[in-house]
Amino acid sequence: MLNIVLFGPPGAGKGTQSVHLVEAYGLVHLSTGDIFRSNIKGNTALGQKAQSFMDKGQLVPDDVTIRMLESEVNKHSDAKGFIFDGFPRTTAQAESLDAFLDARKTPVTCMLALEVEENELKRRLLARAETSGRPDDADPQVIQKRIDVYKAETAPVAGHYALQEKFTGIDGLGTIDEILDRLKAAIEH
Ligand code: AMP
């Protein structure tokens, strides 16, 4: 099984590249942000719980997020592997994911971290707001909050996988194809 943690700050290109990696490797794409948004749209209890955090650019609590992610993985018992996009975002989530996947004997294969500097992230998110319809992309204060939360709570997750020698940094600037080639080279090396 190929289990990829696609990592990086908001606006780094995780969603865009996930689409191409799914096509290339036949993996199941699990984006916790997408799952929360579809629950908000469907007005489910989970969506109602997540919305206030997302609107403010804060993380949804770990217990809610971990439970949801595990139940999504369990829906795909025949998967060739997964792309985890936007998860894990805290060290507690990373530890839970490791325990969960180890118990299934399908551990994380690698973490690929898209690296993009902060001004470029802000530029991309504001541009994306024009078409994404995402309230959290349209408000510069919420964008700043998301970047600050990334630095404080999410960036340490890279260290978690570096300790396991699973971390690779990927230059996230360039065309979609150039970045995809870098990701594939890291996966296949
Ligand atoms: P994203 O689509 O990955 O940019 O995520 C959008 C928002 O969903 C984030 O700002 C968080 O509020 C929430 N979210 C997504 N994934 C997670 C996660 N792994 N842990 C906590 N909150 C999350």
Item to complete: Kindly establish whether Leu112 is within 13 Å of the ligand (Cβ to nearest atom), of a type in the set (A, V, I, L, M, F, W, C) and surrounded by 15 or more Cβ atoms within 10 Å (Cβ to Cβ).
Response: no
Practice prompt. Please go through region 65-85 and pick out each residue that is buried (at least 16 other Cβ atoms within 10 Å of the Cβ) and either of a type in the set (A, V, I, L, M, F, W, C) or more than 24 Å from Gln17 (Cα to Cα) (or both).
Written response: Ile66, Met68, Leu69, Val73, Ala79, Phe82, Ile83, Phe84
Discussion item. With the requirement that a residue be at pLDDT below 95 and within 10 Å of the ligand (Cβ to nearest atom), what does region 124-133 give you?
Written reply: Ser132
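Tell me the helices (runs of 4 or more DSSP H) entirely within region 28-143 that contain at least 3 residues that are touching a residue at least 24 places away in the same chain (Cβ under 8 Å).
On the way: elements: 32-41, 45-56, 62-74, 91-103, 118-132, 135-138.
Passing ranges, in order: 32-41, 45-56, 62-74, 91-103, 118-132.
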Worksheet item: In region 146-164, is there at least one residue being away from the ligand (no atom under 14 Å from the Cβ), modelled with pLDDT of 95 or more, over 16 Å from the mean Cα position of the chain (by Cα) and not in a helix (DSSP H, G or I)?
Response: yes
Practice prompt. Considering each of Ser52, Ser31 in turn, give the residue that is within 13 Å of the ligand (Cβ to nearest atom), surrounded by 13 or more Cβ atoms within 10 Å (Cβ to Cβ) and either at pLDDT below 95 or of a type in the set (Ser, Thr, Tyr) (or both).
Written response: Ser31
Worksheet item: Of the residues in region 18-27, how many are more than 16 Å from the ligand (Cβ to nearest atom), in a helix (DSSP H, G or I) and small (Gly, Ala, Ser)?
Response: 1
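The values are calculated or read from the model by the stated rules, or taken from the named source; none is laboratory data. On a predicted model such as this, the values are computed, not experimentally measured, just so you know. All Cβ positions, glycine included, derive from the backbone under ideal geometry; neighbour counts span all protein chains shown.
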